[in-house]
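Any read-out appearing in this document is the output of simple, stated calculations on the displayed coordinates, not a laboratory observation. The shown structure was predicted, so the numbers you read here are calculated from the model rather than taken from an experiment. Here the Cβ is made from the backbone with ideal geometry for all residues, glycine too, and neighbour counts use every protein chain on show.
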Amino acid sequence: MFAGLDIGSVTTKAVLMNDKEETLAFSLIPTRYNRQESGAEVLKRALETIGKSNDDIKYIVSTGYGRRAFSSSDKVLPEIVCHARGTKLLFPDVRTIIDIGGQDSKVIELDKDGIVTRFEMNDKCAAGTGRFLEVLTERILNLSIDELGPLALRSSQPCTLSSVCTVFAESEIISLLSENTAKEDIAYGISRAIAKRVISMGTGGQIGYKEPIVFSGGVARNTGVTKALGEELGKRILSPENPQLTAALGAAVYAKEHSK
């Protein structure tokens, strides 16, 4: 078996793969302060689901923010290349990846062979990340993050947020609520704001959003943001069944290759 670990700022993921590149197990946990413990725990849980142990793993590749903190890795790789490799395994023709996680967002352009040709990344500000959604949804709208997507899809007159700064957007939403604006219209306004922010980031890096476009990361579970991305780009947006596994999956593919 081969293992890929994606130790992110918010969640840590593990994928176990066989030599046929078939996924045997996937596990996800919240990332702890100690990244080494996070990696060990997520790997342990993945192994337990298939009744295996660490002795059954031939090679481990880690990626993500905490990749260098996991001392059990045989190799560490940047998350951009792992996202590309994992996404291409699921969508062989992919040309553009939009990945929005808890603390960062990425737009990655690939050539026809799946090689990264350019990318843009936002990891300095909460705007355009899952944290942006979390703060505005839970603190201001008093909704769980899982409620935001279905609510946004019910919007008939989506509002427009003039700022993607989390602090300023918070003030705008409070004003909209005081004007009795429907929550579903605010929900879609939030979804559209994050979509515009991420698309603009990629456009600024001269990414042309060639199709097929695949949306991954924790925020890809949000149907409102998926719809907003499609509407803003005027293109079809694809997403994996489990949008949070792509980087760990790519790391597992590299583990199989490097073991040889």
Problem set entry | Projected area, mean over directions - the stretch 130-260, Cα convex hull, nm² | 9.4 nm²
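Loop-only GluC sites (Glu not before Pro) in the stretch 131-215, please: DSSP not H, G, I, E or B, and at most 11 other Cβ atoms within 10 Å. Walk me through the numbers before you get to the answer.
Working: sites: GLU134, GLU138, GLU147, GLU170, GLU172, GLU179, GLU184; in loops: GLU179.
Counting only loop positions with at most 11 other Cβ atoms within 10 Å, the GluC sites (Glu not before Pro) in the stretch 131-215 are GLU179.
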Problem set entry | For the stretch 93-239, size of Cβ-based charge dipole, Lys and Arg +1, Asp and Glu -1, in debye | 220 debye
Exercise. How long is the gain from GLN157 to GLU48 if the chain were fully straight, where each residue apart is worth 0.36 nm and the alpha carbon distance is subtracted?
Worked result: 34.4 nm
Exercise. Hey, got the dipole for the stretch 1-150? About the Cα centre, +1 on K and R Cβ, -1 on D and E Cβ, debye to the nearest 20?
Worked result: 320 debye
Problem set entry | Student exercise, the stretch 210-254 dipole from Lys, Arg, Asp, Glu Cβ charges, in Debye to nearest 20 | 40 debye
Exercise. Which residue, THR246, THR96, THR203, has the most motion in a Gaussian network model of the chain that connects Cα atoms within less than 10 Å?
Worked result: THR203
Seminar exercise, completed: The base-10 log of I(q)/I(0) that the Debye equation returns for the stretch 106-173 at q = 0.12, 0.13, 0.18 Å⁻¹, one scatterer per C-alpha, is -0.45, -0.52, -0.80
Problem set entry | Residue among ILE213, ILE100, ILE115 with the largest mean-square fluctuation in a Gaussian network model of the chain, springs linking Cα atoms under 10 Å | ILE115
Exercise. Can you give the calculated 222 nm mean residue ellipticity of the chain, where each DSSP H run of n ≥ 4 adds -39,500 (n - 2.57) and the sum is split over every residue, rounded to the nearest 500 deg cm²/dmol?
Worked result: -12000 deg cm²/dmol
Problem set entry | Geometric extent, Cα atoms of the chain - Rg, Dmax (angstrom) | 18.7, 63
Seminar exercise, completed: Once LYS260 and GLU241 are pulled to full extension, the length gained, defined as 0.36 nm per residue separation minus their Cα-Cα distance, is 3.9 nm
Seminar exercise, completed: Ranked by GNM mean-square fluctuation in the chain (Cα springs under 10 Å), the top entry among ARG95, ARG154, ARG35 is ARG154
Exercise. Once a ≥ b ≥ c are taken as the square roots of the eigenvalues of the Cα gyration tensor of the stretch 28-146, is the result rounded (a/c under 1.5), prolate (a/b larger than b/c) or oblate (a/b not larger than b/c)?
Worked result: oblate
Exercise. Given labels modelled 7 Å from the Cα in the Cβ direction, how far is it in nm from THR223 to CYS125?
Worked result: 3.1 nm
Exercise. Normalised by the number of residues in the chain, what is the relative contact order in percent for Cα pairs under 8 Å and 6+ residues apart?
Worked result: 25 percent
For this session: Pick out, in residue order, every one of the GluC sites (Glu not before Pro) in the stretch 1-110 that is DSSP loop and has at most 16 other C-beta atoms within 10 Å; say none if there are none.
Result: GLU21, GLU22
Seminar exercise, completed: Once the mean of 1/r over all distinct C-alpha pairs in the stretch 19-63 is inverted, the Kirkwood radius in Å reads 11.5 Å
Exercise. How far is it, in nm, from the label point at ASP146 to the one at GLU37 when both lie 7 Å from their Cα along the line to the Cβ?
Worked result: 2.6 nm
Exercise. Say R0 is 22 Å: what FRET efficiency, to the nearest 0.05, do LYS75 and LYS112 get from their beta-carbon distance?
Worked result: 0.25
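Kindly point out which whole DSSP H helices in the chain project their C-alpha atoms 20 angstrom or further along the helix axis while averaging a Kyte-Doolittle hydropathy of 0.0 or above.
Those that clear 20 Å and a mean of 0.0 are 183-204.
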Problem set entry | Length-normalised contact order of the stretch 101-199 in % [C-alpha pairs under 8 Å, at least 6 apart] | 29 percent
